[in-house]
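The values are calculated or read from the model by the stated rules, or taken from the named source; none is laboratory data. Worth saying up front: this structure is predicted, and the values here are computed from it rather than measured. The accessibility values were calculated without ligands, DNA or RNA, using every heavy atom of the protein model including side chains. Shrake-Rupley method; radii C 1.70, N 1.55, O 1.52, S 1.80 Å.
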Amino acid sequence: MTDRARVLRHDDDRLQSVIPGKFEFKHLHGQGCSVALYKMRSAADIPTQLNCHEEEVTVMLSGECRLRIDGEDIVLRAGDTILIPAFKEHLGEFLTDEVVLVSVFVPRRDEFGPEGDQAPKLSFLGD
């Protein structure tokens, strides 16, 4: 962690390949939060599972997805922002071929690992 400002850019060629050709990711850690950029292509082919953690704010930059939270389906489109309360199990289903979103997590998600060029373990992808 550093005390200098950093920027996540969706067109950054340093995005980490999590699933080659389908899923790129980059994250930053602050003292009390983490910010993650997700860029997914052929999103319907990306496996997901329920995940549960502390608070999350997600902003859809492009594409559409459906979140299931507490049995309720919520469709998010480009420009939408959602606050997911702490410890609410949620599952995403992508409705378009490409989805780009930014999520902010409080507190920070140390399981993402250090900032850098290695893809982190992402709980919603399974083991």
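Summary table
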item: Amide proton proximity set for GLY30, modelled H, under 5 Å, gap of 5+; result: VAL35
item: Amide H contacts of LEU61 (H built 1.01 Å from N, under 5 Å, at least 5 apart or other chain); result: GLY79, VAL100, LEU101, VAL102
item: Gain on full stretching of the segment that runs from ASP70 to ARG4 - 0.36 nm per residue minus C-alpha separation; result: 19.9 nm
item: Under 5 Å, built H, 5+ apart or other chain: amide partners of LYS88; result: HIS53
item: LEU61 accessible area, assembled protein chains, probe 1.4 Å, Å²; result: 80 Å²
item: Calculated P(r) over Cα pairs in 5 Å bins from 0, in percent (choose from (1) 2, 10, 17, 19, 15, 10, 8, 7, 5, 4, 2, 1; (2) 2, 10, 18, 22, 18, 12, 9, 6, 3, 1, 0; (3) 2, 11, 21, 26, 23, 13, 4, 1, 0), label; result: (3)
